[in-house]
1. Ranked from highest to lowest mean number of other Cβ atoms within 10 Å per residue, what is the order of the peptides 90-99, 197-206?
2. Stretch HIS252-SER293 to full length: gain in nm at 0.36 nm per residue minus the Cα-Cα span?
3. Along the Cα→Cβ direction, 7 angstrom out, place labels at ALA194 and LYS166. What is the inter-label distance in nm?
4. Set the Förster radius R0 to 35 Å, insert the Cβ-Cβ distance between ALA315 and GLN145 as r into 1/(1 + (r/R0)^6), and round the FRET efficiency to 0.05.
5. Label points 7 Å out from Cα along the Cβ direction at THR286 and GLN78: separation in nm?
6. So how much accessible area does ILE148 have, in Å² to the nearest 10, using a 1.4 Å probe?
7. What area, in nm² and to one decimal, does the C-alpha convex hull of segment 61-175 cast on average over all directions?
8. Cut-off 11 Å, label point 7 angstrom out along Cα-to-Cβ of THR242: give me the residues of segment 274-290 whose amide nitrogen falls inside.
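The values are calculated or read from the model by the stated rules, or taken from the named source; none is laboratory data. All figures in this text were calculated on a predicted structure; none of them were measured in a lab. A quick note on method: Cβ atoms are made from the backbone with ideal geometry, for glycine too, and the neighbour counts reach across all protein chains shown. Calculation scope for accessible area: heavy atoms of the full protein, side chains included, ligands and nucleic acids excluded. Shrake-Rupley method; radii C 1.70, N 1.55, O 1.52, S 1.80 Å.
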Amino acid sequence: MPVCDLPLKMLHGWSFSAECVSLGSVGPSWESNAMPETRSSNEPGAVQRQSLKLSLTVTHAFYAPQPADLRVVPQDPQAFSEAELTVRADGPRIEIYGRADAELPDLFALLVKTSSSDLFDLTPGISQGLVSVQPIWARGNSQAQPQIWRFNPKASDQMPRDDESKNVLAVLNVVPKKDTEGAQNLVVSFDSVAVHWSYAFLGADLERPLRIVPLHTPEADGPLSEGPSSGGPSPEGSAPETISFEDLGLQHLECGQTARVFCSKEPLKAQAVSPNRFSLESSDGTDSKVIVSVLPTAGPTQIRRFATLRGGARAFEALMFVSLF
């Protein structure tokens, strides 16, 4: 089967029966890191320990540094049962166990599910109307150092979204490596969109000297590298330059009100809980006075996909209204 045909053939008919999969139906319950056990067919009554064949963890920059609020489940649990494999699905991580002589399927699909429809707009490569498919090729034993795959599907590898796939963020078509010793450890990282933060200040005396001051610029806004232990991006390298805002002056809003608007010059990664904090100050050149000690942070509900920024550019923008009355 040509590799380029894998996504379409695997997803033909959209069999999303995994929605009803529970831990009890895909494998025994477990605690800690205990290995599952199965009865040996050669020695009745004997117990044979299973070993880890493959693990896959998904991370998402939106949830960093916390584990991603996502679930990974097999599209076809029956295929693993027929291969005498045990599947452990636990949130953003899935593990596949089997006896020493058990083999992984040549190709299997994993569904990445979300309970938040906001992620469809906040994840590059994802749309509300289409489900994206990402082929994942394992490269053998990688238990010590996981293989990192950044989610970056081709536009051609998409399928129409329907009621059965309404909670599916993406489909991962995994091609494990055969004839390899040890476990195959994969991490698939999802990015989040970059968003310009805009503050619209309403109230009196809007023409006085105002400025937005960073309270904290964490290193987490610097270059990112994925780490399986954190469930998301981890800081790497030095801290970036201080985030600055451009004063756009008085703007007439669609609601008919006039506001003093500031927009960040640099976009920031969309995050469920942003570590960035800013305050609003008034300064006459010699003395500064804090007007708002901590400004609100951008959340998914404030983000607009195609906002028109300065110069007519189109970009993601989080617009937050602050009253100065």
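1. Values: 90-99: 20.7, 197-206: 17.7.
Going from most to least packed, we get 90-99, 197-206.
2. On the way: separation 41, 0.36 × 41 = 14.76 nm, distance 2.56 nm.
Roughly 12.2 nm would be gained on extension.
3. 3.5 nm
4. 0.45
5. Each label point lies 7 Å from its Cα, and together they span 8.3 nm.
6. That residue has around 70 Å² of solvent-accessible surface.
7. Details: hull surface 31.8 nm².
Convex hull of Cα atoms, orientation-averaged projection: 8.0 nm².
8. Nothing falls inside the zone, counting backbone N under 11 Å.
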